[in-house]
Amino acid sequence: MSLLNFNASEVAPSIGFTPIPAGRYVAVINDSGMRPTKSGNGQYLQLEFEIIEGEYAGRRLWDRLNLENTNPEAVRIARADLSAICHAVNVLTPQDSVELHNIPLVIVVKCKKDQDDEAVSEIKGYAACAAAAQAPAAPPAAATTTAKPAAPATDYSALREALAKRVQQASPWARNPAGK
């Protein structure tokens, strides 16, 4: 028996989550770490993404990149996905996965059926945010264009600062360095 000392009237009940519809979402990586594969003969990089804009802001998705695996094709795919992430966040030579945290990128989400025939969301691609791209220099005075002007870029600097402060809090997946 465990003493809970809990009042359910003070906490909204969990209603579960429906899958996130297929689409493109602005997100950040807010947690990452290497984990051993189930077979024990490799490791994968687990990445936690949090959607930061729109109707699904606050929802989280995970991806696993098999960076160390006996299957060379799995490693090739994982390295290609990691390269896409690095290019999307403009960190081309990370020494630690934490360098990829809190930088907005676009994740491409698809829906599929799992082994229980339930619909689940899964990340199938990565791209840079339009706001993260450098704005081109002003066109030459002689140049004219009939294209519509681009929408103003979203400023993510305040969001990055807020996320950086939040990351300083202990992650629920972090190992206790004291071994307690």
### Query
trypsin sites (Lys or Arg not before Pro), restricted to region 5-104: which are DSSP loop and have at most 10 other Cβ atoms within 10 Å?
K38
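When the Kirkwood hydrodynamic radius is evaluated over all pairs of different C-alpha atoms of region 35-84, what value in angstrom, to one decimal, is obtained?
For region 35-84, the Kirkwood estimate is 12.0 Å.
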### Query
With N residues in region 17-62, what two-decimal value do you get for its Cα radius of gyration over 2.2 N^0.38 Å?
1.41
### Task
Output the Cα-based Rg and Dmax of region 18-132 in Å, rounding Rg to one decimal and Dmax to a whole number.
14.1, 41
### Message
Please arrange F6, F49, F17 by how many other C-beta atoms lie within 10 Å of their C-beta, fewest to most.
### Response
F6, F17, F49
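No value in this document is a laboratory result; all are computed from the given coordinates. Just so we're clear, the structure is a prediction, and the values are computed from it rather than from any experiment. Because the Cβ atoms are built from the backbone with ideal geometry, glycine has one as well, and the counts that use them run over all protein chains shown.
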